[in-house]
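Comments concern the structure below.
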Amino acid sequence: MASFSSASVLLLLTLGVVALAEPVHFLDCGSTAGQVKEVAVFPCSVQPCKLQKGVSYIVNVTFVSNVWSQNTTASVHGIILGVPVPFHIPQPDGCKSGINCPIEKGKTYNYLNKLPVKNEYPSIKLVVQWELLDDKSNIVFCWKIPIEIV
């Protein structure tokens with residue numbers, strides 16, 4: 001009988017959840033070193049996504065790289081009244097978020113990360129901006145979606 005490590009089970013569960021994720025409408029906000037094909041957030045069946053405090057949401061971005069890069073780094077901001085406020089994500093290293101680095105020009109990748117919504121966040125409507133930068137700080141992807149923290 002085969003045995004599975006806890007990491008293998010977690011990977012299978014995560015892939016199953018991502019398969020259920022609904023693509024969301026997004027605004028590209030300056031992807032110069034890549035092209036976003038699809039953004040999916042789970043669970044989010046209706047936009048703007050209503051994100052519950054104390055819950056982590058899974059974000060899956062399918063993109064094509066226009067560059068070769070040894071590594072990638074993500075940053076997430078909430079845009080509140082035009083002011084970008086940093087959102088903490090548990091893993092800013094894109095190479096540990098579903099991407100096998102180095103990334104290569106012309107290849108398609110699935111970036112996978114979590115967006116934890118902390119209990120101390122205010123109940124508010126805002127825009128989430130998510131960027132992935134290459135090793136020269138070029139923007140591989142940048143997208144925005146409206147959300148509501150409830």
Over the chain, the sum of -39500 (n - 2.57) across DSSP H runs of at least four, divided by residue number and rounded to 500 deg cm²/dmol, gives at 222 nm -3500 deg cm²/dmol
Given the alpha-carbon gyration tensor of region 75-138, what are the semi-axes of its equivalent ellipsoid in whole angstrom, ordered largest first, with each equal to the square root of 5 times an eigenvalue?
26, 13, 9
What's the Kirkwood radius of the chain in Å, using all Cα pairs?
15.9
Where does region 18-90 land on Rg/Rh, using Cα atoms and the Kirkwood Rh?
0.96
Could you state the number of Å between the C-alpha centres of region 86-102 and region 121-135?
14
Lysine pair number, Cα distance threshold 16 Å (strictly under), region 61-150, separation 8 or more or different chains:
4
What percentage of the solvent-accessible surface of the chain, computed with a 1.4 Å probe over protein heavy atoms, is contributed by carbon and sulfur atoms?
58
Assigned charges on the beta-carbon of Lys, Arg, Asp, Glu; the chain dipole about Cα centre (debye):
160
Any idea which of S123, C29, L133 is furthest toward the positive side of the dipole for the chain, if Lys and Arg beta-carbons carry +1 and Asp and Glu beta-carbons -1?
S123
Per-bin percent of Cα-Cα distances, region 56-99 [10 Å]:
21, 48, 28, 3
Where GluC sites (Glu not before Pro) in DSSP loops with at most 13 other Cβ within 10 Å are excluded, longest remaining stretch of the chain
1-103
Would you work out the relative contact order for the chain, in percent, from Cα pairs under 8 angstrom that are 6 or more residues apart?
30
In a Gaussian network model of the chain with springs linking alpha carbons closer than 10 Å, the residue among K50, K118, K136 that fluctuates most is K136
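The values are calculated or read from the model by the stated rules, or taken from the named source; none is laboratory data. For clarity, every value in this text was computed on a predicted model and none was experimentally measured. Don't worry about glycine lacking a Cβ; one is built from the backbone with ideal geometry, like all the others, and counts go over all protein chains shown. In case anyone asks, the SASA skips ligands and DNA or RNA and just uses the protein heavy atoms, side chains included. Shrake-Rupley method; radii C 1.70, N 1.55, O 1.52, S 1.80 Å.
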